[in-house]
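The values are calculated or read from the model by the stated rules, or taken from the named source; none is laboratory data. Remember, predicted model here, so these are calculated numbers, not experimental data. Glycine gets a Cβ as well: all are built from the backbone with ideal geometry, and neighbour counts include every protein chain shown. Heads up: the accessible areas ignore ligands, DNA and RNA and are worked out on the full protein's heavy atoms, side chains in. Shrake-Rupley method; radii C 1.70, N 1.55, O 1.52, S 1.80 Å.
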Amino acid sequence: MKSDMKTMLSSTALNATGIVTLVGAGPGDPDLLTVKALRAIQNARFIVFDNLVSADIRALFPAEAKTLYVGKAKGHHSATQDEINQILAKYAQSGVNVVRVKGGDGFVFGRGAEEMLYLTKKGIKVDVIPGITAASGCTTYANIPLTHRGLAQGCTFITAHADKQLSVNWSALAQLNQTLVIYMGLSKTDLISAELMAHGMSSDTPVAMIENGCTAQQRVFTGVLSELSQIKTQHQIQSPALIVIGEVVSVANQMEWLQQLSQRAQASEHQAFRLTA
Ligand code: SAH
């Protein structure tokens with residue numbers, strides 16, 4: 001890979017600075033890429049990507065493009081944010097156009113703005129392409145609306161991850177009476193349910209955990225707030241997973257029930273047809 005990079009740098013070393021295109025690739029299903037994101041990926045010669053970029057999306061990377069993985073899985077960083085910034089700048093300054101692919105939307109808990117500001121300060125042109133964020137894609141694929149008349153008038157996206165100390169206004173969140181979508185919350189389920197309940201949210205509030213949303217491996221589990229950690233352990237939920245808290249989760253439960261009902265109706269129609277045919 002390193003020697004490939006050298007060849008690319010020497011073959012494309014122009015005096016002009018390259019452009020960095022920050023691409024939000026959505027939560028996993030390649031069909032959820034925007035047309036603009038797909039075009040940027042298909043025209044890429046050099047791609048720098050994260051661990052949240054699904055295998056199906058990576059399969060769309062052009063065979064002739066050079067790729068560099070800078071995945072940041074929690075606990076084992078393969079490259080720090082500073083190193084990633086420097087890598088992007090180094091290639092752009094050598095005249096290479098860089099396509100920086102991130103999971104979901106780069107501006108939603110994706111540190112995309114940090115990269116944009118760093119590069120812009122260095123005089124490097126940055127284009128940003130939004131993507132479908134996990135909160136939107138994963139809930140929709142799990143039949144959970146983020147808002148629903150009579151159930152939730154709004155929704156709040158929060159991260160349960162912090163570099164130092166988590167500073168979340170639990171009291172405000174518990175009183176909002178809106179849908180809460182928690183990113184990077186898997187290791188904090190005890191804290192999340194305890195804090196929300198301590199600040200007045202009902203222990204019966206519906207919750208959902210969505211693992212690997214919008215991929216063929218998607219798993220969705222629902223329950224109530226007091227059971228959040230139990231759901232995680234019982235089903236051995238792994239990252240990436242999204243936590244959804246609020247009455248809107250009951251829509252998914254209704255959908256499941258309705259789907260079962262319609263499957264049963266279809267089965268009995270077939271049965272009736274067979275009996276009369
Ligand atoms: N920029 C991304 C979020 C990055 S933070 C976006 O807009 O979606 C990483 C967190 O996002 C994960 O820990 C998880 O909580 C959530 N996430 C991202 N993709 C996911 C997926 N396919 N399924 C479930 N959760 C996902």
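Selection of region 92-138 for residues being basic (Lys, Arg) and within 12 Å of the ligand (Cβ to nearest atom) yields LYS102, ARG111.
A residue that is under 24 Å from ALA241 (Cβ atoms) and among the basic types (Lys, Arg) cannot be found anywhere in region 119-131. Pick out the one residue from GLU256, GLU247 that is open to solvent by 60 Å² or more (accessible area, probe 1.4 Å), of a type in the set (Asp, Glu), farther than 27 Å from ALA172 by Cα and more than 14 Å from the ligand (Cβ to nearest atom). That would be GLU256, the only listed residue that is open to solvent by 60 Å² or more (accessible area, probe 1.4 Å), of a type in the set (Asp, Glu), farther than 27 Å from ALA172 by Cα and more than 14 Å from the ligand (Cβ to nearest atom).
Taking each residue of region 231-258 that is free of Cβ contacts under 8 Å to residues at least 60 places away in the same chain and looking for partners that are open to solvent by less than 30 Å² (accessible area, probe 1.4 Å) and more than 16 Å from the ligand (Cβ to nearest atom) with beta-carbon atoms closer than 7 Å, six or more apart or interchain, yields ILE231/GLY223. Within region 57-71, the set of residues being more than 11 Å from VAL99 (Cβ to Cβ) and either in a loop (DSSP other than H, G, I, E, B) or in contact (Cβ under 8 Å) with a residue 24 or more places away in the chain (or both) comprises ILE57, ALA59, LEU60, ALA63, GLU64, VAL70, GLY71. Residues that are more than 19 Å from GLU256 (Cα to Cα), surrounded by fewer than 19 Cβ atoms within 10 Å (Cβ to Cβ) and not small (Gly, Ala, Ser) within region 216-234 comprise GLU227, GLN230, THR233, GLN234, listed in sequence order. Each residue in region 170-195 was checked for being closer than 21 Å to PRO145 by Cα, away from the ligand (no atom under 16 Å from the Cβ) and of a type in the set (A, V, I, L, M, F, W, C), and 3 of them qualify.
Of the residues VAL108, VAL101, VAL128, VAL96, the single one that is closer than 24 Å to LYS188 by Cβ and either over 16 Å from the mean Cα position of the chain (by Cα) or at pLDDT 95 or above (or both) is VAL108.
Yes/no matrix, rows are residues, columns are (1) of a type outside the set (D, E, K, R); (2) within 13 Å of the ligand (Cβ to nearest atom); (3) in the same structural domain as LEU52 (by TED's automatic domain parsing):
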| residue | (1), (2), (3) |
| --- | --- |
| THR215 | yes, yes, no |
| SER239 | yes, yes, no |
| ARG264 | no, no, no |
| ALA272 | yes, no, no |
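Taking region 157-170 as the range and being open to solvent by 50 Å² or more (accessible area, probe 1.4 Å) and out of contact with any helix residue (DSSP H, G or I) (no Cβ under 9 Å at 6 or more places or on another chain) as the test, the residues that pass are ASP163, LYS164, GLN165, SER167, ASN169.
Going by what's in this entry, would ALA89 be described as open to solvent by 10 Å² or more (accessible area, probe 1.4 Å), more than 15 Å from the ligand (Cβ to nearest atom) and in the same structural domain as GLY112 (by TED's automatic domain parsing)?
No: the conditions fail for ALA89.
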